[in-house]
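*Asks:* Right, I'll just put the structure down here and ask away after.
The values are calculated or read from the model by the stated rules, or taken from the named source; none is laboratory data. Note that the structure is predicted; figures quoted are calculated from it, not measured. In this analysis, Cβ positions are derived from the backbone assuming ideal geometry, glycine residues included, and neighbour counts consider all displayed protein chains. Side chains are part of the model used for accessible areas, which takes the heavy atoms of the whole protein and leaves out ligands, DNA and RNA. Shrake-Rupley method; radii C 1.70, N 1.55, O 1.52, S 1.80 Å.
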Amino acid sequence: YNGAWTPLAALDFAKSMPRRLTAEELYDELVTATNTLVPMTVEGVDHTLYYAGELPDATEPRSNLTLGNDQYNYINEFLTNFGRGDWWRVLRDNSMNPGLMLYFMNAPAVTARTFGNTYQLGDSLVAQLAASTISDTDPIGQISLATVGRNPTDNELKTLLAYPRPDAAREHWLSDIQWAFLNEAEFFFNH
């Protein structure tokens, strides 16, 4: 359907409007894309949780957990910044603004997940790909699929292969590539 959006088009499922992911969906997408799941313990739950979508209420987790030995996984801060709300005093807010984009680009809770072994993440996607001996085009494709759910375009692939590797370190190069895909608009929206 190529026409303009109207309420009638929405009723007929002829055209959809992109929706920004909720705070929980965005966190879960981040940890899945980077392969940096962190166990969360919640009082009253007898098993370990790994995804924000599993949290029983908006006050959990009650303590900020740490990622490796560094304090880079502030789950509550992340969820609050992206509009989780608390069900009775603060309403959920799924709007997008430049402050959220800047937070996502610079917050250690996000950027540390792309650093591979630098922050003791062990089996993060970047660490796995940096340790492999596959050609340079394969990791770009794997990062793109894991992060935005599609293969890189020809233009993206050409640009990323031409991107200079800092200090000739493959891990840093792959980290920059995942960071770039994480900060694409399509990462934030269900479309």
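*Asks:* How many residues, within the stretch 81-100, are part of a helix (DSSP H, G or I) and within 14 Å of residue 27 (Cα to Cα)?
*Replies:* Result for the stretch 81-100: 2.
*Asks:* I'd like the full set of residues that are within 14 Å of residue 125 (Cβ to Cβ) and modelled with pLDDT under 90, limited to the stretch 136-172.
*Replies:* The answer is 170, 171.
*Asks:* Another question, if that's okay. (1) closer than 28 Å to residue 126 by Cβ; (2) of a type outside the set (Gly, Ala, Ser); (3) outside any loop (DSSP other than H, G, I, E, B): which one isn't true of residue 38, the others all being true?
*Replies:* (3)
*Asks:* Quick one: in the stretch 10-27, which of the residues that are modelled with pLDDT of 90 or more and open to solvent by 30 Å² or more (accessible area, probe 1.4 Å) is farthest from residue 77 (Cα to Cα)?
*Replies:* This residue is 25.
*Asks:* Here's another thing I want to ask about it. Has the stretch 86-95 got any residue that is more than 13 Å from the chain's Cα centre (by Cα), under 22 Å from residue 53 (Cα atoms), open to solvent by 70 Å² or more (accessible area, probe 1.4 Å) and touching a residue at least 60 places away in the same chain (Cβ under 8 Å)?
*Replies:* yes
*Asks:* I've got another one for you. So residue 161 fits all but one of (1) open to solvent by 40 Å² or more (accessible area, probe 1.4 Å); (2) among the aliphatic types (A, V, I, L, M); (3) over 24 Å from residue 185 (Cα atoms); what number is the exception?
*Replies:* So residue 161 meets the others, but not (3).
*Asks:* Also: Which of the residues belonging to the stretch 41-59 are among the small types (Gly, Ala, Ser), open to solvent by less than 30 Å² (accessible area, probe 1.4 Å) and not in a helix (DSSP H, G or I)?
*Replies:* Result: 58, single match.
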